[in-house]
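These notes are about the structure you will find just below.
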Amino acid sequence: MKLGFFTMPVHPTTRPWADTLREDQEAFLLADELGYTEGYVGEHTTDAAETITSCVAFLASLSGRIKQMRLGTGTVNLPNAHPAAVASQVAMLDHMLGGRFNFGISPGGLLSDAEVFGNLDADRQAMFLESIDTILALWAGEPPYDIHGKYWTISTARTMMTDIGQGFIGKPMQRPHPPIVVTAVAPFSKGVTAAAARGWDPISANFLMPKWVATHRASYLEGCKQGGRPGDLANWRVAKSIFVADDLATAREYARGAGSAYVFYYQQLLTKLVKNGRAELFKDDRAQPDSAVTLEGVLDKLVIYGTPDKVADEILAFREEVGAFGTLLYAGKDWREPALDKKSMRLMAEEVLPRVNAALPRDQVEAAE
């Protein structure tokens, strides 16, 4: 099993914005130093707690500072931007990162973002598909382009000046394009199947009950079969909220006590998703009424905390429940006490991961390398 990093940062709205951005940058730099293999960051435009408004801009700020790990958008919310803007900015980012870039995409899940961009009542799934098809066509094609869609039409025929380069949209360093990943947040995700059929790979979200994460395995393998590609579970990434400390009392207090960033994170998500009709993500049984979903129950199921031994055992139990996957993405949170959060990331890399891999069958470890 590989170890990566994923953050959809949720910070207290009382914190200075600049401070939260510096903290999130520091988390990526630490992950790189500790040998995490890849790192992803989300974006939202209209949320005072989720302070990264452009994952492309944020990752660009790390260019030249990250030494080893791949970086990924987690995700670019495609209906909220023009495909030509996304294509050109992502291509530039891929060059800035020396080709160490994964292109994470989604239709976007924050309804206030959809409202502010004018697509709240639109078919955002259709917009998402048209957008990524347009982006791939721009990277594969040559100007002046001739792309006609329901939502976007793209050409530079009227203003093309070939001799000086006007009218061109740049192509990424990785050809034909960077690896594409999608974040899966629904049980029995048809999106995972469709993505895998197109050669893309999934990230299972850290706010989805293990029972539903397990359904992504079959969805992914079915999509690979449909696309005529090997069903390699080493390409399946799963995010998880984890906190590691030297002693259990510290871990319990930090992950579940008063003022915990982990409690704050899930309180925020639970409020948003239940309000938006997505309470089933937090249920073990779809027949449960929404009123049966409690913050305490969500935390019990979705947060792993403890000493290195306890955390390793619970990760192995989680893996047994959901099935083999290639990369565990440690989900970033607000650093209430930076020294403890940094220690947790270090213990995860230096003590927990070796314990996990030592307990896995050797052939399965090698399959994820």
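To make sure I understand the rule: partners must be lysines, Cα under 26 Å from the Cα of K301, and not fewer than 8 residues away in the same chain. Which ones qualify?
Candidates past the 8-residue exclusion: K2, K190, K211, K240, K272, K275, K283, K310, K333, K342, K343.
Pick out which of Y151, Y254, Y265 has the largest mean-square fluctuation in a Gaussian network model of the chain, springs linking Cα atoms closer than 10 Å.
Per the Cα network of the chain with a 10 Å cutoff, Y151 tops the list.
Sequence gap at least 6, Cα distance under 8 Å: using those rules, report the relative contact order of segment 217-318 to the nearest whole percent.
RCO, segment 217-318: 34 percent.
Report the local net charge at G141: Lys and Arg +1, Asp and Glu -1, summed over other residues whose C-beta lies under 15 Å from its C-beta.
Result for the local shell: -1.
Which sequence of S344, S291 reflects their accessible areas, 1.4 Å probe, from the largest down?
Putting S344, S291 in descending order of accessible area: S291, S344.
How much accessible area does K2 have with a 1.4 Å probe, in Å² rounded to the nearest 10?
Using a 1.4 Å probe on the heavy atoms, I get roughly 80 Å².
Quick one: which residues, 5+ away or cross-chain, put their amide H under 5 Å from the amide H of F5? H built at 1.01 Å from N.
E38, G39, Y40, Y330
Would you kindly calculate the mean projected area, averaged across all directions, of the convex hull enclosing the Cα atoms of the chain, in square nanometres?
Mean orientational projected area (the chain, Cα hull): 18.9 nm².
If you consider only alpha-carbon coordinates, what radius of gyration and Dmax does segment 5-46 have, in Å?
Over segment 5-46's Cα set, Rg and Dmax evaluate to 11.2, 33 Å.
Go ahead and set up a Gaussian network model of the chain, Cα springs under 10 Å, then flag whichever of F207, F28, F318 fluctuates most.
Comparing F207, F28, F318 in a Gaussian network model of the chain, the most mobile one is F318.
Tell me the per residue accessible area of the chain using a 1.4 Å probe; a whole number in Å² is fine.
With the other protein chains kept in place, the chain gives 42 Å² per residue.
Over the chain, what relative contact order in percent results from Cα pairs under 8 Å that are six or more residues apart?
Once normalised by length, the contact order is 18 percent.
Given the peptides 226-232, 132-138, 40-46, 334-340, arrange them by the average over their residues of other C-beta atoms within 10 Å, most packed first.
40-46, 132-138, 334-340, 226-232
Sorted by accessible area (1.4 Å probe), largest first, how do T53, T13 line up?
From most accessible down to least: T13, T53.
Can you work out the PRE-style zone for T53? Point 7 Å along Cα to Cβ, and I want the residues of segment 110-150 with backbone N under 17 Å.
The answer is 110-118.
Subtracting the Cα-Cα distance from 0.36 nm times the residue separation, let me have the gained length for K343 to R355 in nm, one decimal.
Roughly 2.6 nm would be gained on extension.
Label points 7 Å out from Cα along the Cβ direction at D290 and A157: separation in nm?
Output for this residue pair reads 4.9 nm.
Specify the residue with the greatest mean-square fluctuation among A359, A196, A49, computed from a Gaussian network of the chain linking alpha-carbon atoms under 10 Å apart.
Residue with maximal mean-square fluctuation among A359, A196, A49: A359.
Diagonalise the Cα gyration tensor of segment 74-117 and give the resulting equivalent ellipsoid semi-axes, square root of 5 times each eigenvalue, largest first, whole Å.
Gyration-tensor ellipsoid for segment 74-117: 23, 11, 6 Å.
Taking θ as phi - 60°, what are the ³J(HN,Hα) couplings along segment 141-156 by the Karplus curve (6.51, -1.76, 1.60), each to the nearest whole Hz, with x for Gly and Pro?
After applying 6.51 cos²θ - 1.76 cosθ + 1.60, I find x, 10, x, x, 6, 7, 10, 10, x, 5, 9, 9, 10, 10, 7, 10 Hz.
Carbon and sulfur: what percent of the chain's accessible surface (1.4 Å probe)?
On the chain, the fraction of accessible area on carbon and sulfur atoms equals 53 percent.
Less than 12 Å Cβ to Cβ from V56, Lys/Arg counted +1 and Asp/Glu -1: what total charge do the surrounding residues give?
Taking every Cβ under 12 Å from that of V56, the sum is -2.
Report P(r) for segment 211-369: all Cα-Cα distances, bin width 10 Å, range 0 to the bin holding the largest distance, values in whole percent.
Result, from short to long distances: 10, 34, 34, 20, 3, 0 percent.
Please report the projected area of segment 130-258's Cα convex hull averaged over all directions, in nm².
13.1
Expressed as a fraction of 2.2 N^0.38 Å, the rule-of-thumb size for a compact globular protein of N residues, what is the C-alpha radius of gyration of segment 1-130?
1.06
Using only helices, what value at 222 nm comes out for the chain when you add -39,500 (n - 2.57) per DSSP H run of length 4 or more and divide by the total residues, to the nearest 500 deg cm²/dmol?
So the helix-based figure for the chain works out to -12500 deg cm²/dmol.
What is the local net charge at F264, summed over the other residues whose Cβ is closer than 11 Å to its Cβ (Lys, Arg +1; Asp, Glu -1)?
With Lys, Arg at +1 and Asp, Glu at -1, the neighbours total +1.
The values are calculated or read from the model by the stated rules, or taken from the named source; none is laboratory data. This structure is a prediction, so every number in the text was calculated from the model and none was measured. Note that we place each Cβ from the backbone using ideal geometry, even for glycine, and neighbour counts take in every protein chain shown. Areas reflect the complete protein model, heavy atoms only, side chains present, ligands, DNA and RNA absent. Shrake-Rupley method; radii C 1.70, N 1.55, O 1.52, S 1.80 Å.
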